[in-house]
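**Q** Sharing a structure here in structure tokens format.
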Amino acid sequence: MKLNDIRHLYHGNMTETAADEKAQIIQALLDIAGFAQATMAATLQDFDAPTSAAPALRILATSQAPVTPRDLARLLERDPSTASLIADKLEQIGLVARQPHPSDGRKRVLVLTERGHRLWDTLRERLHESAILDDMTPAERQGLLDLLGRMRAKGRP
């Protein structure tokens, strides 16, 4: 989507200047997301992983609690059958393993394998190396996180 297309989305109840500013912000966010997505896609390809793997890998790598397939579906905001297919694919390519739940033997949890951890670490390193945020101070990065969090909350139903 180009800036002019985005600008047209914002015309209506607001001034030309406000519409232009919002369109420029959205375009900048899309551009930055595109840089990050390209880095992620290249890294995932290096590990023969589908691009759909990234959100599940993040959840499994950062969760403080065991993650069952049902938990993964909830956290991904997907149907359980879809999350199960994602988990199956990640297991087939050696990024995830299913293990007994540590406190409930009736359940299985998803854990990253050594290869899955290598992929996650490589992905984080490459995103860090991209230097997108290098010119920002820690306070500016925190402020940006706060603003993006507010924007994300407004964008959710």
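The values are calculated or read from the model by the stated rules, or taken from the named source; none is laboratory data. Worth saying up front: this structure is predicted, and the values here are computed from it rather than measured. All Cβ positions, glycine included, derive from the backbone under ideal geometry; neighbour counts span all protein chains shown. Calculation scope for accessible area: heavy atoms of the full protein, side chains included, ligands and nucleic acids excluded. Shrake-Rupley method; radii C 1.70, N 1.55, O 1.52, S 1.80 Å.
**Q** Kindly indicate the residue of region 107-120 that is over 15 Å from ARG58 (Cβ atoms) and in contact with a strand residue (DSSP E or B) (Cβ under 7 Å, 6 or more places away or on another chain) and also surrounded by the most Cβ atoms within 10 Å (Cβ to Cβ) among those meeting that condition.
**A** Filtering region 107-120 for residues that are over 15 Å from ARG58 (Cβ atoms) and in contact with a strand residue (DSSP E or B) (Cβ under 7 Å, 6 or more places away or on another chain), the one surrounded by the most Cβ atoms within 10 Å (Cβ to Cβ) comes out as VAL109.
**Q** Let me ask something else. Take LEU123 and decide whether it is assigned to a helix (DSSP H, G or I), open to solvent by 60 Å² or more (accessible area, probe 1.4 Å), modelled with pLDDT of 90 or more and of a type outside the set (Ser, Thr, Tyr).
**A** Spelling it out, it is not the case that LEU123 is assigned to a helix (DSSP H, G or I), open to solvent by 60 Å² or more (accessible area, probe 1.4 Å), modelled with pLDDT of 90 or more and of a type outside the set (Ser, Thr, Tyr).
**Q** Among the residues of region 91-106, which ones are in a loop (DSSP other than H, G, I, E, B) and either within 24 Å of the chain's Cα centre (by Cα) or surrounded by 15 or more Cβ atoms within 10 Å (Cβ to Cβ) (or both)?
**A** Selection gives ILE93, GLY94, LEU95.
**Q** Looking at ILE86, ILE32 in this structure, which one is in a helix (DSSP H, G or I) and either over 26 Å from LEU144 (Cα atoms) or not β-branched (Val, Ile, Thr) (or both)?
**A** ILE86
**Q** Moving to a separate point now. I'd like to verify a number: residues in region 67-77 that are closer than 15 Å to ARG108 by Cβ and either of a type in the set (A, V, I, L, M) or open to solvent by less than 60 Å² (accessible area, probe 1.4 Å) (or both), how many?
**A** Residues meeting the conditions: 6.
**Q** Continuing with this model, one more query. Taking region 127-146 as the region of interest, how many residues are under 23 Å from ARG58 (Cα atoms) and exposed (fewer than 11 other Cβ atoms within 10 Å of the Cβ)?
**A** Here the count works out to 6.
**Q** Anything in region 15-66 that is hydroxyl-bearing (Ser, Thr, Tyr), open to solvent by 50 Å² or more (accessible area, probe 1.4 Å) and under 30 Å from GLN99 (Cβ atoms)? List them, or say none.
**A** Hits for region 15-66 are THR51, SER52, THR62.
**Q** Hey, does region 124-134 have a residue that's in contact (Cβ under 8 Å) with a residue 24 or more places away in the chain and farther than 28 Å from LYS22 by Cα?
**A** Yes, because at least one residue in region 124-134 is in contact (Cβ under 8 Å) with a residue 24 or more places away in the chain and farther than 28 Å from LYS22 by Cα.
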